[in-house]
1. Can you give the Kirkwood hydrodynamic radius of chain B from its Cα pairs, in Å with one decimal?
2. Once the Cα atoms of helix B:173-191 and of chain B are each reduced to a long axis, what angle between those two axes, in degrees from 0 to 90 to the nearest 10, is obtained?
3. Report, in degrees rounded to the nearest 10, the 0 to 90 angle that the Cα long axis of helix B:121-130 makes with the longest principal axis of chain B.
4. If you take each beta carbon of peptide B:149-159 and count the beta carbons of other chains within 10 angstrom, what is the mean?
5. What nm value, rounded to one decimal, do you get for the distance between residue B:214 and residue B:170 when each label is placed 7 Å out toward the C-beta?
6. Roughly how many Å is it from the Cα centre of segment A:72-146 to that of segment B:171-188, as a whole number?
7. For residue B:41 and residue B:19, FRET efficiency with R0 = 41 Å and r from the beta-carbon atoms, rounded to 0.05?
8. Within 10 Å, count the other beta carbons around each residue, average over each peptide in B:170-176, A:52-58, and list them highest first.
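We did not get these values from a lab; they are worked out from the coordinates using the rules stated. Because the structure is predicted, anything quoted here is derived from the model rather than measured. Please note: Cβ atoms are built from the backbone with ideal geometry, for glycine as well, and neighbour counts cover all protein chains shown.
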């Protein structure tokens with residue numbers, strides 16, 4: 001079985017942990033994330049007739065202000081940047097944050113996900129898409145379960161590239 | 001006409017005299033009698049009520065007075081800590097002493113058995129020929145034999161598990177490897193000054209030793225007493241294992257093959 005390390009990054013409270021909780025059942029206590037700034041979860045997925053073991057590193061907050069060990073980003077095969085569609089501050093500096101993740105992980109492509117779509121109307125979502133300076137890959141709702149699976153499948157595809 | 005009794009006059013006079021002399025006493029007697037009767041009546045009425053109250057108190061004593069008593073005891077204990085300690089000390093001492101004696105007895109038996117076995121002429125000759133270990137090491141190693149409980153071969157950067165060995169069942173090994181790598185990174189980032197690596201994590205009953213290499217690290221959890229010679233021997237074996245893995249990196253992508261190699265190089269060696 002192929003094993004891949006994937007990262008979930010983004011500001012505090014954007015719903016990274018909720019997305020993982022939707023996708024994964026097997027996980028460590030959430031206490032770790034507030035203690036050492038990361039929590040590791042595991043999910044075995046099937047992708048194009050292949051079984052892949054995803055080790056998902058949920059890294060607490062990525063807006064540059066937090067002191068996160070750089071080593072958390074090393075050796076990652078893919079990364080997902082999550083922002084909160086309903087909170088502007090989580091995507092205003094997205095360029096800077098993405099650059100930081102790219103620099104630390106050495107990854108070129110990062111899956112960009114706007115979460116909490118359940119809190120906005122279709123028009124409001126369109127407005128946010130216009131405002132965000134990069135292309136958004138998926139609009140999800142961890143609460144409703146919308147497109148969560150798709151987001152992780154995209155991440156898996158990226159990890160296998 | 002009816003005849004008057006002979007002594008009637010006399011009797012009447014006597015009665016009159018008695019009334020005159022004892023009138024006050026009679027009044028007192030009657031008052032006393034009334035009081036006794038009243039008390040008797042009161043007793044008959046009140047007794048069941050008192051019995052009922054006593055029964056109620058007996059049943060609900062903790063409810064009525066529990067808090068007050070607890071509070072009082074607490075205050076008393078707080079105010080007389082020395083006395084409490086003095087009172088408990090002999091009892092605690094006896095319990096601790098009993099436990100220690102029991103453990104020492106077991107230890108003595110174990111040491112005696114080992115000494116008997118290891119200090120036979122045959123064994124002394126064997127050791128003389130082999131050299132290296134001292135006598136204390138041998139006895140300690142026999143009594144608290146170090147055991148390799150878990151082995152993890154982990155990719156240094158990604159924290160992905162390449163191979164493992166486990167004596168028992170532990171939590172998901174992949175997740176343990178990931179979190180161990182995260183904790184290691186966290187500790188190194190927080191405490192290390194010159195890019196040093198975390199090498200040991202000690203628990204109460206076992207120790208996690210970490211040997212770092214360029215692209216992998218090997219974590220070994222051991223129980224028992226890890227004396228210098230065991231550590232040295234284990235370190236040699238870990239280096240041999242790492243050398244084999246790093247020379248043939250295909251081991252890192254073939255978990256089963258690597259697991260067999262770990263058993264061969266570390267457990268059976």
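1. Taking every pair of different Cα atoms in chain B, averaging 1/r and inverting gives 28.3 Å.
2. Helix B:173-191 sits at roughly 90 degrees to that axis.
3. 50
4. The shielding value for this peptide is 3.
5. 2.7
6. Cα centres, segment A:72-146 to segment B:171-188: 27 Å.
7. 0.85
8. Packing proxy ranking, top to bottom: A:52-58, B:170-176.
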